[in-house]
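Peer 1: Pasting a structure here, questions to come.
The values are calculated or read from the model by the stated rules, or taken from the named source; none is laboratory data. Worth saying up front: this structure is predicted, and the values here are computed from it rather than measured. Positions of Cβ are backbone-derived with ideal geometry, glycine not excepted, and every protein chain shown enters the neighbour counts. Please note that ligands, DNA and RNA were not included when accessible areas were found on the heavy atoms of the full protein model with its side chains. Shrake-Rupley method; radii C 1.70, N 1.55, O 1.52, S 1.80 Å.
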Amino acid sequence: MTTTLITGASSGIGAVYARRFAARGHNLVLVARATDRLNVLADQLREQHGVAVEVLTADLTDAVQLGKVAERLRTQPTIDILVNNAGAGLNSSFEQASATDMNKLLQLNVQAPTMLASAAIGEMIKRGSGSIINIASVLALLPEYSPGIYAATKSYVLTFSQSLAAEVNAKGVYIQAVLPAATRTEIYERSGADISKVPDVMEVEDLVDAALVGFDRKELVTIPPVPEASAWEAFEQARGALAQGFSMLSPPRVIGPDCRRPGSTGSHKG
Ligand SMILES: NC(=O)c1ccc[n+]([C@@H]2O[C@H](COP(=O)([O-])OP(=O)(O)OC[C@H]3O[C@@H](n4cnc5c(N)ncnc54)[C@H](OP(=O)(O)O)[C@@H]3O)[C@@H](O)[C@H]2O)c1
């Protein structure tokens, strides 16, 4: 019997993952702050699918409560799939964001998925099986479209997933980074943004179903609104071509005004 632990399961993307994995017959551990919402979902899933569902209330920005979830990942029954989904936005510019808000965002979007993956990985490697799904964002690839540090937290999730996959795939552990674009959930309201101003919003069920197609295919990176895997592969090839230059032993001798760095919009040299 597979057991899947999902963070941020009380609403949005995490709640749909819970429904989909329960329909696949997985036992679940549901994590979030809103115990009432988790209990309602847990009762429905037990009744509809006959699966066992544990509810684990935790604020993942609190070190002690994060530790409780990490402890659950290290104990029995074994967790086969970890879905690092809980996350939030911060609808203010870097200039205006308070240190407290940014610190909370870093704890939730960066520290929590890292520490939970760390808690899960040892047992998965020992068994030679297991999966970790990390929910990033297309903003990891489009940081200019997002003020403040949100996109940077999601770039971290993508980069972390790629490094971790390179380290553990050969040991039987599968890592997937999912990059949703705008998806209809509470995240906009919660961060003070207005979803009605966002064009082309995907429905959350469609997002999770597309992400699960990528999961079943064992893709490292799944971008639900981009159905052709070849688009990502072309992006990766370009990265590989750029990386060939990294092995130069010395920088190019002449850096003149016509020599711009790739991606640079100004005449910045260096
Ligand atoms: N919706 C989009 O357009 C979009 C696009 C790209 C990426 N994403 C990513 O998708 C993931 C899920 O977000 P969503 O869109 O489904 O938003 P959502 O409906 O607001 O869900 C966020 C979930 O995270 C939980 N959460 C928030 N703060 C928490 C905390 N301090 N401790 C524990 N749990 C916490 C919430 O539950 P409680 O309030 O009960 O704790 C909720 O279950 C996030 O990582 C987000 O960055 C979303």
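Peer 1: Given Cα positions, please report Rg to Rh for the range 5-131, the hydrodynamic radius being the Kirkwood one.
Peer 2: 1.00
Peer 1: Same structure, new question: Over the chain, calculate the relative contact order: mean separation of alpha carbon pairs under 8 Å at least 6 apart, over the residue count, as a percent.
Peer 2: About 15 percent, as a whole number.
Peer 1: So, one more: For the range 3-247, what does the convex hull of the Cα positions come to per residue, in cubic angstrom?
Peer 2: For the range 3-247, the hull spanned by Cα atoms encloses 138 Å³ per residue.
Peer 1: Using r as the Cβ-Cβ distance of Gln48 and Arg184, and R0 as 22 Å, what FRET efficiency do you calculate, to the nearest 0.05?
Peer 2: Approximately 0.45, to the nearest 0.05.
Peer 1: Per DSSP H run of n ≥ 4, the term is -39500 (n - 2.57); total these for the chain, divide by its residue number, and report the mean residue ellipticity at 222 nm rounded to 500 deg cm²/dmol. Walk me through the numbers before you get to the answer.
Peer 2: Working: 9 runs with 115 residues, N = 270.
Helix contribution divided over all residues of the chain: -13500 deg cm²/dmol.
Peer 1: Which value in Å does the Kirkwood hydrodynamic radius of the range 62-152 take, with 1/r averaged over all unlike C-alpha pairs and then inverted? Working shown, then result.
Peer 2: On the way: mean 1/r = 0.0690 Å⁻¹.
Radius from the Kirkwood sum: 14.5 Å.
Peer 1: Sticking with this structure for a sec: In square angstrom, what is the accessible area per residue of the chain with a 1.4 angstrom probe?
Peer 2: 53 Å²
Peer 1: If you split all Cα-Cα distances of the range 139-229 into 5 Å bins from zero, what percentages do you get per bin, shortest first?
Peer 2: Whole-percent P(r) values from 0 Å outward: 3, 13, 19, 23, 21, 12, 6, 2, 1.
Peer 1: Could I ask something else about it? Which loop-located GluC sites (Glu not before Pro) does the range 1-100 contain, where loop means any DSSP state but H, G, I, E or B and the Cβ has at most 13 other Cβ atoms within 10 Å?
Peer 2: On the way: sites: Glu47, Glu54, Glu71, Glu95; in loops: Glu95.
Answer by residue number: Glu95.
Peer 1: Another one. Taking only Cα atoms and a 10 Å spring cutoff, compute GNM fluctuations for the chain and point out the largest among Ala151, Ala181, Ala193.
Peer 2: Ala193
Peer 1: How big, on average over all directions, is the shadow cast by the Cα convex hull of the range 124-181, in nm²?
Peer 2: For the Cα atoms of the range 124-181, the hull's average projected area reads 3.8 nm².
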